[in-house]
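The values are calculated or read from the model by the stated rules, or taken from the named source; none is laboratory data. The structure displayed is predicted, hence computed values, not measured ones. A quick note on method: Cβ atoms are made from the backbone with ideal geometry, for glycine too, and the neighbour counts reach across all protein chains shown. The accessibility values were calculated without ligands, DNA or RNA, using every heavy atom of the protein model including side chains. Shrake-Rupley method; radii C 1.70, N 1.55, O 1.52, S 1.80 Å.
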Amino acid sequence: MSTPRSVRGHFKTLGILSLAAATLLTGCVSSSNAQESSEDELTVGFPEDSANYDPHQPPQTVSRTISRQIADTLVDQDPETGEIVPWLATSWETNKDQSQFTFHLRDDVTFSDGTKFTAQSVKNNFDRIIKIGPLAYVGASHLRGYQGTDVVDEKTAIVKFDGPNAQFLQAASTQPLSILADATLKLDPEEVARGKVIGSGPYVIESYEPDVGITLKAREDYHWGSSAYANKGPAVYETVKVSFIPDATTLAGAVSSGQVDYGFLLDTSTLGTLAGQTTLVQKPTVGIASPLIPFIYRDIFKDEAVRKAINPATDRAEIAERIYQGNVQPATGVLTAATPGSADLSSELAYDPQAAVKILEAGGWDTVGEDGIRRNDKGERLEISIQYSSTGGTTEALFQLLQIQWKKVGIDFVLKPVTEAQASETGLYDAPYDLTTWSQGRADPDVLRVVYSSLYENQSLFYGNAVPAVDKALLKLQSTTDAQQRKQASAEAQQLLLDKGLVFPLVDQVSNSAYGKDIKSIELDAENKPAFAEFVPNE
Amino acid sequence: MSIAKNLRRPSFGVAAAAAFLALIAAAALFPSLFARFDPVAVVGPSLAAPDPQFWLGTDLNGRDVFSRVVYGARMSLAAGVVAIVISVVLGGLLGMAAGYLGGWADAVISRCVEVLVSIPGLLLSLAVISILGFGVDKVAIAVGIAGIPGFVRIARAQTLKIVNLPYFDAALTSGTGGFKSIITHVVPNAAGAIAVVAGLDLGGAILSIASLSFLGFGAVPPMPEWGSQINEGRLYIATAWWWSLAPAAVVALTVLSVNRLSSQIGTKES
């Protein structure tokens, strides 16, 4: 019986190994890069690497966070007041209809390769963003209608648009409009993406090892810090060592155990494991409230009754309480409540299953089958499906709760877990399923225009399926200059989106980060990204 | 005879293993007798600790973990059995063909098996799964396919042993057809050995299925399955240990029980 015995041994060991491997492999990732921190070294844990570190290119939080440290922007946004304050530009003025912005620039700023920052740098950067267009789609959407930059003299640049562009000043404080050195702009965008970025920020990238980490070194000659923060000079921590720790519990454990000084983007599920000496920083996110967005080209969502029934059928308070353990608030509008220009539309988002039933019945979904699912006169089941890459965790738990909630009004929510490879086979505009999750942060209501219009391929959900009234309302947001009128326009656009059942906002997410006992204080920017130059160690 | 003797006076370990397996099998066949709640309904607060009402606590959505483990037994056990049946039937057929036909057929089948054996079983299952897609049924097929090579070897060895015995030659020379001889002489004689190994492999198959489900390939939510339940609760292991630990303990006990029983039978058999 020697053959069967060895076969059995083989089989069994592998089974055990695989279970162990899934938990252990992820647990070891950080050990090579994270070590005991010395006094002037800040160790940081991020949950993921980004494939692209060009500040102008795709806007994932991790890339934006690194960009925030290595590059500066023309202006900055005060995280407390939302006010736009000077940074590389000391002052600015606009013409009457906000189609021209004149920036007066600092003349003592240098990039980390020694070259000087001038008005020409502003022009070269914005020209490059337009030139690489689709690669820098967020920056390009901020610069919509860009006609060029006039270099009046070394210290003065005029940015011109073909019409009013009220959101541009705030946009100039975000990383997609970072100012980089000419040497970087000349490179192939792919090379920049791999981390060859020269900016004027308080840190420079010293080394980048994909999937392992990034090391940042402070610039000693830095003295032009943003006026939103106390520290205008060089960063206190000479070195910042970022490790990528993809497993959520391991990341939380790394902060708790002091393996890293600071953990960014902690998963809500792991907050209960943080040790007593760790300080948790929770900030409500700015941007769109975490939504499900219907693909309106799918048959089931061409039906307005179905779209309109989803919001009253959704119990947001239960989602916040169970899935997020009370760490988040139910959505009160299409924007999060913390976003400047948000509107309180919570009455539109109240849980009212009876109303949902009425809407569905009026819409022709008036027979309930034995399985509790509604059918229309053609006998079709009321089925809504979502496809997602299966990772378990909070998202899957959320979908299961929605499944239970929607079942109560007769909607069958079908979950289709797939591998990441399968998920990447279809895009936003040819999906074989009906709904998607989305996230987009920005401390300005104009974020609505980017996500919910039909204007930009790959970032506007209704691209190719324009809802003219919505586009009109959102473009008004860009062109309205008066602050009060802008708030009004934002509220109107959100109301319209909800009335037409074009978005199902669920909760206002929080950004969780935590630091250990070696850090005295930290600062987050207007998008809740850490500003490492402002971190202060304990004596 | 020795099996019968052993079954008459089982050790405590064997008795406990048999009792536990009987319980799990009953849960798989009649889950509603054991479960106290609907496994996919919200019945309590989120992440409630085990108490008299919720014996194994609740999960994030407020579903009863005990009821989910009970209903999970059906999927996990059935998947394990399906996987073994696939391995035994396909492996047995190929092995007997190789052993009986010999020559080129044997060479081709045996080399293919050697190639498959050189690939770790779980990796092979993962490759199959990525073609088939998600779901417990597909996981069972994938694990079953990965188990085929072992049974090809056993069936081939047993067949070789029997076809070289004088009575098999006698059967052939007396005019019985080759196919019929295999059915009447090879299958019954090889069945014992194959059955023992199948029993031993059932534990491994259940574990492999749980592993693949843990990695997210298994049951499509909200249906409960042990491996995917362990995965669901993984992030909360520090704050709500019962969510992952309960299904994990059941998987471990089931596999240990299967191994204990089948190795007992295996020792007596040989």
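With the requirement that a residue be in contact with a strand residue (DSSP E or B) (Cβ under 9 Å, 6 or more places away or on another chain), closer than 21 Å to A:I293 by Cβ, among the small types (G, A, S) and surrounded by 22 or more Cβ atoms within 10 Å (Cβ to Cβ), what does region A:486-526 give you?
Once the filter is applied, which keeps residues that are in contact with a strand residue (DSSP E or B) (Cβ under 9 Å, 6 or more places away or on another chain), closer than 21 Å to A:I293 by Cβ, among the small types (G, A, S) and surrounded by 22 or more Cβ atoms within 10 Å (Cβ to Cβ), region A:486-526 yields only A:S490.
Within region B:106-135, track down each residue that is open to solvent by less than 20 Å² (accessible area, probe 1.4 Å) and in a loop (DSSP other than H, G, I, E, B).
If the condition is that a residue be open to solvent by less than 20 Å² (accessible area, probe 1.4 Å) and in a loop (DSSP other than H, G, I, E, B), then B:G133, B:G135 are the ones that fit.
Mind checking whether some residue in region B:20-29 is crowded, with 17+ Cβ neighbours inside 10 Å, under 13 Å from B:V70 (Cα atoms) and within 14 Å of another protein chain (Cβ to nearest Cβ)?
No; the residues of region B:20-29 include none that is crowded, with 17+ Cβ neighbours inside 10 Å, under 13 Å from B:V70 (Cα atoms) and within 14 Å of another protein chain (Cβ to nearest Cβ).
Condition test on B:L165, is it more than 14 Å from every other protein chain (Cβ to nearest Cβ) and open to solvent by 10 Å² or more (accessible area, probe 1.4 Å)?
Criteria met by B:L165.
Here's the yes/no breakdown for (1) touching a helix residue (DSSP H, G or I) at 6+ places or on another chain (Cβ under 7 Å); (2) of a type in the set (D, E):
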{"site": "B:S11", "(1), (2)": "no, no"}
{"site": "B:A26", "(1), (2)": "no, no"}
{"site": "B:R36", "(1), (2)": "yes, no"}
{"site": "B:V43", "(1), (2)": "no, no"}
{"site": "B:G72", "(1), (2)": "yes, no"}
{"site": "B:L77", "(1), (2)": "yes, no"}
{"site": "B:G95", "(1), (2)": "yes, no"}
{"site": "B:E114", "(1), (2)": "no, yes"}
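Select from region A:451-464 the residues that are aromatic (F, W, Y) and either part of a loop (DSSP other than H, G, I, E, B) or touching an Asp or Glu at 6+ places or on another chain (Cβ under 6 Å) (or both) and write down the one among them that is surrounded by the fewest Cβ atoms within 10 Å (Cβ to Cβ).
Ranking the candidates gives A:Y463 first.
Could you list, ordered by first residue, the pairs with Cβ atoms under 7 Å in which the first is in region B:189-216 and assigned to a helix (DSSP H, G or I) and the second is among the acidic types (D, E) and open to solvent by less than 10 Å² (accessible area, probe 1.4 Å), at least 6 apart or interchain?
B:S213/B:E225
Please specify each residue of region A:315-329 satisfying the condition of being assigned to a loop (DSSP other than H, G, I, E, B), open to solvent by less than 40 Å² (accessible area, probe 1.4 Å) and more than 11 Å from chain B (Cβ to nearest Cβ).
A:V328
Check region B:104-112 and report whether any residue there is touching a residue at least 60 places away in the same chain (Cβ under 8 Å) and among the hydrophobic types (A, V, I, L, M, F, W, C).
Checked against the condition, which is being touching a residue at least 60 places away in the same chain (Cβ under 8 Å) and among the hydrophobic types (A, V, I, L, M, F, W, C), region B:104-112 yields no hits at all.
When the residues of region B:141-152 are narrowed to those that are open to solvent by 10 Å² or more (accessible area, probe 1.4 Å) and without any contact (Cβ under 8 Å) to a residue 60 or more places away in the chain, which ends up nearest to the other protein chains (Cβ to nearest Cβ)?
Restricting to residues being open to solvent by 10 Å² or more (accessible area, probe 1.4 Å) and without any contact (Cβ under 8 Å) to a residue 60 or more places away in the chain, the top hit is B:I145.
In the set B:T184, B:T159, which member is within 14 Å of another protein chain (Cβ to nearest Cβ), under 18 Å from B:A97 (Cβ atoms), out of contact with any Asp or Glu (no Cβ under 7 Å at 6 or more places or on another chain) and among the hydroxyl-bearing types (S, T, Y)?
Exactly one of B:T184, B:T159 is within 14 Å of another protein chain (Cβ to nearest Cβ), under 18 Å from B:A97 (Cβ atoms), out of contact with any Asp or Glu (no Cβ under 7 Å at 6 or more places or on another chain) and among the hydroxyl-bearing types (S, T, Y), namely B:T159.
Filter region A:53-95 down to residues that are of a type in the set (S, T, N, Q), surrounded by fewer than 23 Cβ atoms within 10 Å (Cβ to Cβ) and over 22 Å from A:S511 (Cα atoms), then give me how many there are.
Residues in region A:53-95 being of a type in the set (S, T, N, Q), surrounded by fewer than 23 Cβ atoms within 10 Å (Cβ to Cβ) and over 22 Å from A:S511 (Cα atoms): 4 in total.
Only one of (1) within 11 Å of chain B (Cβ to nearest Cβ); (2) out of contact with any Lys or Arg (no Cβ under 8 Å at 6 or more places or on another chain) is not met by A:D261, so which one is it?
(1)
Do we have any residue at all in region B:1-10 that's away from chain A (no Cβ under 14 Å), in a helix (DSSP H, G or I), touching a Ser or Thr at 6+ places or on another chain (Cβ under 8 Å) and open to solvent by 70 Å² or more (accessible area, probe 1.4 Å)? Break it down stepwise before answering.
Step one: filter region B:1-10 for residues away from chain A (no Cβ under 14 Å), giving B:1-10.
Adding the requirement that they be in a helix (DSSP H, G or I) leaves B:2-8.
Still in the list and also touching a Ser or Thr at 6+ places or on another chain (Cβ under 8 Å): none.
No: region B:1-10 contains no residue that is away from chain A (no Cβ under 14 Å), in a helix (DSSP H, G or I), touching a Ser or Thr at 6+ places or on another chain (Cβ under 8 Å) and open to solvent by 70 Å² or more (accessible area, probe 1.4 Å).
Residues are listed down the side, and each one gets a yes or a no for (1) touching an Asp or Glu at 6+ places or on another chain (Cβ under 6 Å); (2) of a type outside the set (S, T, Y); (3) at the interface with chain A (Cβ under 8 Å from one of its Cβ atoms); (4) open to solvent by less than 10 Å² (accessible area, probe 1.4 Å):
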{"site": "B:L207", "(1), (2), (3), (4)": "no, yes, yes, no"}
{"site": "B:S211", "(1), (2), (3), (4)": "no, no, yes, yes"}
{"site": "B:F214", "(1), (2), (3), (4)": "no, yes, yes, no"}
{"site": "B:G218", "(1), (2), (3), (4)": "yes, yes, no, yes"}
{"site": "B:P222", "(1), (2), (3), (4)": "no, yes, yes, no"}
{"site": "B:W226", "(1), (2), (3), (4)": "no, yes, no, yes"}
{"site": "B:N231", "(1), (2), (3), (4)": "no, yes, yes, no"}
{"site": "B:R234", "(1), (2), (3), (4)": "no, yes, yes, no"}
{"site": "B:A238", "(1), (2), (3), (4)": "no, yes, yes, no"}
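May I ask you to list the residues in region B:247-270 that are within 23 Å of B:D51 (Cβ to Cβ) and open to solvent by 10 Å² or more (accessible area, probe 1.4 Å)?
Listed by number, the residues that qualify are B:A248, B:A249, B:V250, B:L253.
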